[in-house]
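In what follows, a single structure is set out as structure tokens and then discussed.
What follows is calculated from the coordinates using simple rules that are stated; it is not laboratory data. Treat the numbers as computed from the prediction; the structure is a model and nothing was measured. Quick reminder, even Gly has a Cβ in these numbers, built from the backbone with ideal geometry, and neighbours come from all protein chains shown.
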Amino acid sequence: MSPARTRLLAGAVVCAGTLVLAGCSGSSGTSSASKDSINYALPANFTPNWILPIGTAAHLNTNNISIANTLWEPLIAYDGSTGKIAWNKAGSIAAAADFAADNKSVKITLGDRHWSDGKPITSKDVEFWFDLIKANKAQWAGYNPGKAPDNWTSFKADDDTHFTITFDKAYSPQWMLANELSLINPLPQHVWDKGTPKATWTYLNNAAKNIGGYATNPLWKTISGPYRVKSFSTAGKVVLTANKKYDGGEKPGIPTVNLLPFTTADAEKNALRSGTVDYGYIEATDLDQKDSFTARGYEVKPWSGWAITYMPYNFNNPAMGAVFKQLYARQAVQRSIDQTTLAKVVFNGTAVPGYGPVPQAQSSDFLSSTQKDNPYPFSTSAAKSLLTSHGWAEQGGVMTCTDSAKCGEGVAKGTKFEMTVLSQSGSTVTDNMMSAIQSSLAKTGIKFSIKTAPVNSVLSQTPQCTASQSICKWQLSFFGTAGSWYFNAFPTGDSLFQTKGGSNFGNYSDPAVDKLITASTTSSSNQAVQEYSAALAKDLPVIWLPEPDYQISVMKNGLGGFSQDSLANFHPAQWKWTS
Amino acid sequence: MTAVLQTAPVEAVPNYRVSLRKFTRNKLAVAGLAVVLLFLLFCFVGPLLHSTDQTHTDLGQVNLAPGGAHWLGTDAVGHDELGRLMYGGKVSLLVGLAAGILATVIGTLWGAAAGYAGGWVDAVMMRVVDAGIAIPALFILLVVSAITTPDTAGLILVLGLVSWLVPSRLVRAETLTLKSRDYVLTLRATGGTHTRAITRHILPNSVSTIVVAATFQVADAILLVAYVSYLGLGVQPPKTDWGGMLSAGLTAAYSGRWWLIVPPGLAIILVVCAFNAIGDGLRDAFDVRGRG
């Protein structure tokens with residue numbers, strides 16, 4: 001055998017062996033942590049790349065936000081870090097928020113807090129953020145037309161520690177606190193101000209683009225949070241060290257926090273096995289290895305997310321849009337999906353069935369009984385009946401419209417119930433779920449083809465569109481391996497399901513639902529959200545799917561003193577070595 | 001008186017017989033051929049004997065260990081693993097064989113044309129080959145897979161189009177030596193066309209090189225399709241291939257579910273090694289050195 005072929009054969013054997021054992025992946029190669037430090041694994045394939053506590057679309061990521069919030073504390077930390085979704089005052093700059101009786105304004109009281117350079121944190125620092133966002137709202141990732149800052153009509157500093165924000169109309173205080181005021185980060189005006197908001201915006205964004213300067217640029221050294229940056233590599237490793245000047249309520253429990261990047265989940269898992277990660281994660285399919293991690297001194301703890309998971313229909317798709325617009329067709333699809341079994345078998349028990357627009361992994365006052373009770377239980381025979389009673393007949397294993405009058409408006413005779421999903425690649429659980437759904441839909445007579453692509457590709461290929469656009473060929477989209485949509489604390493659907501909402505990918509539109517969504521943000525009662533929950537559980541704007549845990553956390557024994565935030569943020573200051 | 005030395009007439013043995021004899025004496029090559037034939041039977045005839053549903057999932061039968069009802073157990077969505085191995089093998093072998101042959105055909109035509117034309121045509125054509133070789137095939141495959149929906153025909157086409165470069169070099173080198181042979185020069189001197197020179201003399205005389213290259217191309221194509229599928233960009237469910245099965249089973253590596261990993265991994269190794277052994281055997285068989 002020639003040397004070249006021998007090498008090839010050897011390569012084949014080695015490669016196959018490698019495939020069998022691990023796959024090719026990178027790791028960060030760090031050493032094990034001591035009690036003065038902790039090694040935290042960032043999600044696979046994520047590299048921290050933004051320090052500024054003002055997100056732009058190109059840098060929008062919950063992990064970037066988590067890092068920024070450890071450096072500059074939010075005005076109102078409304079999250080799940082205390083075990084329930086609520087205002088965590090210990091991690092906030094504000095001490096109180098008093099809404100006017102008419103719910104058209106709020107008076108905020110700041111705590112007695114100081115920047116790391118000793119200067120007090122005042123209303124001026126909040127006003128600085130307010131002006132910066134007002135002037136540059138189009139570039140701000142948190143912007144939704146009509147919402148903050150559009151609906152904040154004025155900012156009035158009453159004194160150094162009190163200010164009032166006035167709204168354009170009455171809003172639900174809980175919604176305003178949870179979804180809008182929680183976006184504010186007081187910023188060190190005395191250091192960052194460059195004259196005008198526009199000039200300041202450009203200056204800060206340009207400075208933030210230099211990742212290599214995060215640890216050295218004096219701009220980033222005036223902070224209000226419990227940690228400061230010790231090092232921040234362009235490869236993604238971030239080392240945070242305790243801010244000794246911190247005077248807030250969440251004193252760092254561990255002096256040094258190492259945030260480690262990983263190229264793949266397998267690489268991270270290998271690091272866990274080798275003991276170099278103190279707080280990491282495994283995939284749902286690895287849950288049956290729980291004992292092996294427990295034996296290595298870890299605790300396996302699911303991290304539940306405040307999220308929903310779904311597959312949007314493209315209602316404007318030229319081929320299938322007319323079918324998707326028929327409620328009976330959507331009901332047939334939903335009734336073909338056995339969420340209970342998917343959650344139990346495919347997700348290994350790390351997901352809960354989701355039947356509507358309000359997260360169901362946690363109990364909440366927002367969930368309607370209609371959604372909770374599942375209006376469309378799994379039954380392929382019922383799904384089949386729905387189709388046959390509306391003019392469809394099975395031909396060659398695929399339902400075909402035989403009576404266009406019964407099939408519904410725009411559905412031509414001869415239309416086959418065939419649809420394709422562009423699904424997120426890289427997850428065995430997602431692949432298995434899609435295979436199971438494909439199989440289940442086939443029993444109803446619905447052909448479901450699967451195409452996979454990396455998640456960014458899925459998002460870019462399944463945008464909002466009109467039927468005449470060439471990009472509108474997509475029919476179904478799935479980008480929810482770890483949950484499709486993470487809510488702010490108050491789970492409104494203004495950007496998801498409101499007509500022309502920013503993330504209403506499939507162009508769902510229902511004036512009645514629009515009214516319910518508007519009511520949910522303005523009413524001071526949770527009844528409005530419950531009505532919205534019930535309406536969308538029944539109307540099926542998307543295919544509702546099981547809600548997976550955000551991650552299956554694996555923590556070293558002795559790490560504790562905190563709750564995993566269901567809003568998917570991490571809060572290093574709350575971590576403690578308890579033993 | 002002159003003594004006349006008389007010798008017994010020697011019967012000429014046809015070249016193909018000599019080659020066949022040499023091939024059959026190569027135990028590794030024969031074993032390789034047997035392995036390939038066995039796998040072809042396993043994948044294409046096996047499903048007739050062991051019929052399984054590879055289209056629908058069965059979530060009540062997931063991850064079952066090998067046993068009576070399922071000789072190789074079941075996978076994470078309840079497919080019978082033995083049936084899946086046959087089903088996936090069909091795709092792997094079909095794509096490997098077809099892509100290998102396609103690559104060889106393209107490479108042969110390109111290499112023969114370049115070598116025969118010579119001069120600047122040869123220079124330009126071979127620089128194209130050099131440029132193609134400089135770009136990793138896997139990279140091209142990943143890009144193509146990311147922008148199109150991979151199916152069996154698409155995979156064959158793409159793999160064939162990225163794998164023809166090496167055979168083209170081999171055939172070009174062979175053509176360069178053949179085109180200066182007397183019989184080719186005579187054909188040209190008597191008015192024979194270039195096409196006739198290539199199709200009647202150069203290609204037939206390069207057949208040993210082409211056949212050997214083809215076997216290696218098939219082996220390489222099977223590996224390439226395994227790579228692509230392993231990365232999740234191969235054929236889409238409910239179809240699968242051995243690389244896809246390996247990828248799907250990888251998460252079970254630490255869960256003791258060896259039946260999801262070992263069979264497809266072993267199948268890839270055996271078939272690739274078998275094709276390489278056949279290629280080596282054929283090369284030795286066609287080698288004129290050492291022939292009496």
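Data for the structure
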quantity	calculated
Shielding of B:236-243 by partner chains, average beta-carbon count, 10 Å	4
Local net charge near residue A:566, Cβ-Cβ under 12 Å (Lys/Arg +1, Asp/Glu -1)	-3
Highest to lowest packing among A:318-331, A:197-210, scored as the average C-beta count within 10 Å	A:318-331, A:197-210
Antiparallel DSSP beta bridges within the stretch A:310-548, percent to nearest 5	50 percent
Share, in percent, of DSSP beta bridges within chain A that are antiparallel, nearest 5	75 percent
Kirkwood Rh, angstrom, the stretch A:42-154 [1 / mean 1/r, Cα pairs]	15.9 Å
Extension gain from residue A:512 to residue A:288, taking 0.36 nm per residue of separation minus the Cα-Cα distance	76.1 nm
A:246, A:486 arranged by Cβ crowding within 10 Å, fewest neighbours leading	A:486, A:246
Cα-based Rg of the stretch B:46-167 normalised by 2.2 N^0.38 Å, two decimals	1.52
Along principal axes, Cα extents of the protein assembly as shown, largest first, whole Å	140, 68, 59
Summed residue charge, Cβ within 11 Å of residue A:475's Cβ, Lys/Arg positive, Asp/Glu negative	+1
In sequence order, calculated HN-Hα J values of the stretch A:563-574 (Karplus, 6.51, -1.76, 1.60; Hz; x Gly/Pro)	10, 6, 5, 5, 7, 6, 9, 10, 10, x, 5, 7
Span from the the stretch A:399-446 Cα centroid across to the the stretch A:480-553 one, whole angstrom	23 Å
Nearest 10 degrees, 0 to 90: helix B:152-163 Cα axis against chain B principal axis	40 degrees
Cα-Cα over 26 Å, subset of A:473/B:239; A:169/A:325; A:269/A:301; A:84/A:251; A:84/A:119	A:169/A:325; A:84/A:119
Table column - 3J(HN,Hα) (Hz), the stretch B:73-81, Karplus curve with 6.51, -1.76, 1.60, x for Gly and Pro	x, 10, 9, 5, 10, x, 6, 5, 5
Likely footprinting exposure, B:231, B:142, fewest C-beta neighbours within 10 Å first	B:142, B:231
Global geometry of the stretch A:310-548, whether rounded, prolate or oblate, following the gyration tensor of its Cα atoms and the 1.5 cut on a/c	rounded
Cα-based reach from residue B:27 at 19 Å (exclusive), listing aspartates and glutamates while leaving out same-chain residues under 8 positions away	B:280, B:284, B:287
Unsatisfied cross-links (Cα-Cα over 26 Å) in the set A:147/A:237; A:137/A:237; A:104/A:124	A:147/A:237; A:137/A:237
Shielding score for A:454-461, defined as the mean number of other chain Cβ atoms within 10 Å	1
Global form of chain B, assessed from the alpha-carbon gyration tensor, a/c cut-off 1.5	oblate
Loop sites in the stretch A:395-470: trypsin sites (Lys or Arg not before Pro), DSSP, at most 15 other Cβ within 10 Å	A:413
Neighbourhood charge, 12 Å Cβ-Cβ cut-off, centred on residue A:306 and excluding it, Lys, Arg +1 and Asp, Glu -1	-3
Amide H contacts under 5 Å for residue A:113, placed H, 5+ residues apart	A:121
At R0 = 45 Å, FRET efficiency that the Cβ-Cβ distance of residue A:524 and residue A:409 yields, to 0.05	0.70
